[in-house]
1. Just the number: Rg to Rh for region 20-174, Cα atoms, Kirkwood Rh, two decimals.
2. Considering only protein heavy atoms, what per residue accessible area in square angstrom results for the chain with a 1.4 angstrom probe?
3. Mind giving me the nanometre distance, one decimal, between the label points for residue 60 and residue 32, set 7 Å out from Cα along Cα→Cβ?
4. Please report the antiparallel percentage of the DSSP beta bridges confined to the chain, to the nearest 5.
5. Give, in nm to one decimal, the length gained when the segment between residue 154 and residue 96 is fully stretched (0.36 nm per residue of separation minus the Cα-Cα distance).
6. Tell me, what is the FRET efficiency for residue 125 and residue 174 to the nearest 0.05, using R0 = 25 angstrom and their Cβ-Cβ distance as r?
7. How big, in percent, is the set of alpha carbon pairs in region 57-97 lying more than 15 Å apart?
8. Fully extended, how many nm does the chain gain between residue 23 and residue 132 (0.36 nm per residue separation, minus their Cα-Cα distance)?
Amino acid sequence: SGMTQTYDNTSPTTDHTGTATVSSGGDYVLADFGYWYPANYEISGNVFEDMGVTGTKEAATTDPGLVGITVTLYDDTGTTVLATTTTCTLAQATTVGDLCFGRSAGDYVFPGLPGDSSYVVKVDTTTLPSTAYAETYEADTSINNTIPVTITNAAVINQDFGFHPYLGSISGSV
């Protein structure tokens with residue numbers, strides 16, 4: 001799915017058909033077909049707990065990735081959902097074959113996107129660890145939980161979101 005045919009051995013060369021005549025005991029090795037994925041770019045980033053200097057993206061030891069957070073890819077108007085994913089766990093990052101393999105906790109990725117296209121990425125804040133988390137960092141500096149992204153025939157990485165827990169307390173005496 002999503003592949004474009006570039007060749008087959010009969011005319012027209014992109015009709016997904018080929019012909020071959022094989023005699024008893026013979027073979028035919030020229031029935032070739034070519035396909036490619038025109039959609040081969042990604043948008044990726046990290047959703048992290050902003051625990052160091054608030055509003056600044058720092059090393060993962062200071063600003064650890066938040067795992068299991070829902071991130072959504074929208075069309076360029078920000079209204080039509082195109083894909084949804086969750087941020088990577090450490091176990092996924094070490095599992096060969098997993099989309100998160102080789103990534104870090106808190107990373108997200110939307111692979112297989114065509115070049116020369118625009119999108120909007122948003123974090124579902126209802127999936128954060130608690131309602132005490134407020135956004136404090138965003139790759140485009142807007143701090144509105146919305147990053148517009150344009151792919152121009154290259155991957156778009158580091159589309160990060162940071163959230164700081166503002167924990168309250170109640171004190172007093174009776």
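The values are calculated or read from the model by the stated rules, or taken from the named source; none is laboratory data. In this text, all values refer to a predicted model and were calculated from it rather than measured experimentally. Neighbour counts run over all protein chains shown; Cβ positions are idealised from the backbone, glycine included. SASA here: full protein model, heavy atoms, side chains in, ligands and nucleic acids out. Shrake-Rupley method; radii C 1.70, N 1.55, O 1.52, S 1.80 Å.
1. Details: Rg = 21.5 Å, Rh = 17.7 Å.
Result: Rg/Rh = 1.22.
2. Here the per-residue accessible area is 57 Å².
3. Spacing of the two 7 Å Cα→Cβ label points: 4.2 nm.
4. Numbers: 30 of 34 bridges.
Expressed as a percentage, antiparallel bridges in the chain total about 90.
5. Details: separation 58, 0.36 × 58 = 20.88 nm, distance 2.44 nm.
That works out to 18.4 nm of additional length.
6. Values: r = 36 Å, r/R0 = 1.43.
That gives a FRET efficiency of 0.10.
7. Details: 492 of 820 pairs.
In whole percent, the long-distance tail amounts to 60.
8. Details: separation 109, 0.36 × 109 = 39.24 nm, distance 7.38 nm.
Residue separation times 0.36 nm, minus the Cα-Cα distance, leaves 31.9 nm.
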